[in-house]
Amino acid sequence: MKIQQFIKSLNNTEIGKGGTHESYVLVSKKVENIGNIFDPANQHPTFINLKNGGILDSVHITSGREFRINGLGDFYRNNNVNAGDEIVFERQDDGIKTEFFINLNTKENSIIFQKNSRGFEVLNPDRLDLLMSANRYQDEVSYNGRSGLFVIQFIESAKKRSDSPDETDFYSISFNGQDILNDLKSNEYLELSNSITNKILKKVVVWQSYEFNL
């Protein structure tokens, strides 16, 4: 049995909360085996939903300038998908038949931040709003193997670009008094795992790809 997996941490644009209101997964050009998972014979695969055993047959692939996995709107809505949740695509080949599976790793206790030149944007602001007091929140967290004080502070509301229809809230984030904006490259993500017993701040691994034989 040959198994191939592609796992993607989702952002607001992909789940339909961006300006285009589309529902898809954008695949980085660095994912070398994506054309093996969705080969020319499987551009409109039927997925078995591992969440409920149901069938998802709306997915279709487009490639060219961008490689997209489209047709995920119902899956996102039915599973109340949020930014930071991980979608899992899996292909299984046993030499006789090929099957596709879809799953979701939800991050209910996570807050996702994306770096911008103005500061950090919060991709699930409703979760942060529950923690903020007077435009500020702080707590003890683990970051890069060290424990310390995490502080997030509201900076401003501004348009990302001159043609942006709405303003975005931007925040500063510090760890032990040091601004960590320069720890990340442009548009990279941070995740704050905000469970009661385990608070961890870490960079998000946006995608993962695996291939193995059983």
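The values are calculated or read from the model by the stated rules, or taken from the named source; none is laboratory data. Everything numeric in this text was worked out from a predicted model, so none of it was measured. With ideal geometry, Cβ positions are generated from the backbone for all residues, glycine too; neighbour counts draw on all protein chains shown. Please note that ligands, DNA and RNA were not included when accessible areas were found on the heavy atoms of the full protein model with its side chains. Shrake-Rupley method; radii C 1.70, N 1.55, O 1.52, S 1.80 Å.
Please enumerate the residues belonging to the stretch 158-182 that are open to solvent by 70 Å² or more (accessible area, probe 1.4 Å) and touching a residue at least 12 places away in the same chain (Cβ under 8 Å).
Lys160, Pro165, Asn176
Residue by residue, here is whether (1) of a type outside the set (A, V, I, L, M); (2) assigned by the TED database to the domain that holds Phe38 holds:
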residue	(1), (2)
Glu99	yes, yes
Asn116	yes, no
Asp126	yes, no
Arg136	yes, no
Leu149	no, no
Glu156	yes, no
Ser162	yes, no
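Just checking, does the stretch 45-63 include any residue being outside any loop (DSSP other than H, G, I, E, B), at pLDDT 95 or above and under 27 Å from Tyr171 (Cα atoms)? Let's see the steps before the verdict.
Step one: of the stretch 45-63, the residues outside any loop (DSSP other than H, G, I, E, B) are 47-49, 55-56, 60-62.
Now restrict to residues that are at pLDDT 95 or above: 47-49, 55-56, 60-62.
Remaining after also requiring under 27 Å from Tyr171 (Cα atoms): none.
No: zero hits.
Restricting to the stretch 36-50, count the residues that are touching a residue at least 12 places away in the same chain (Cβ under 8 Å), out of contact with any Ser or Thr (no Cβ under 8 Å at 6 or more places or on another chain) and of a type outside the set (Phe, Trp, Tyr).
Number satisfying all stated conditions: 9.
Kindly provide the set of residues from the stretch 185-208 that are part of a loop (DSSP other than H, G, I, E, B), within 11 Å of Phe113 (Cα to Cα) and open to solvent by less than 40 Å² (accessible area, probe 1.4 Å), ordered by number.
Passing the criteria: only Val204.
Pairs, please: C-beta under 9 Å, at least 6 apart or cross-chain, first residue within 9 Å of Val141 (Cβ to Cβ) and in the stretch 189-203, second part of a loop (DSSP other than H, G, I, E, B) and open to solvent by less than 30 Å² (accessible area, probe 1.4 Å)?
Leu201/Ile180
Among the strands (runs of 3 or more DSSP E) confined wholly to the stretch 107-157, which include 1 or more residues that are closer than 15 Å to Asn12 by Cα?
Details: elements: 110-116, 119-122, 136-143.
Result: 110-116, 119-122.
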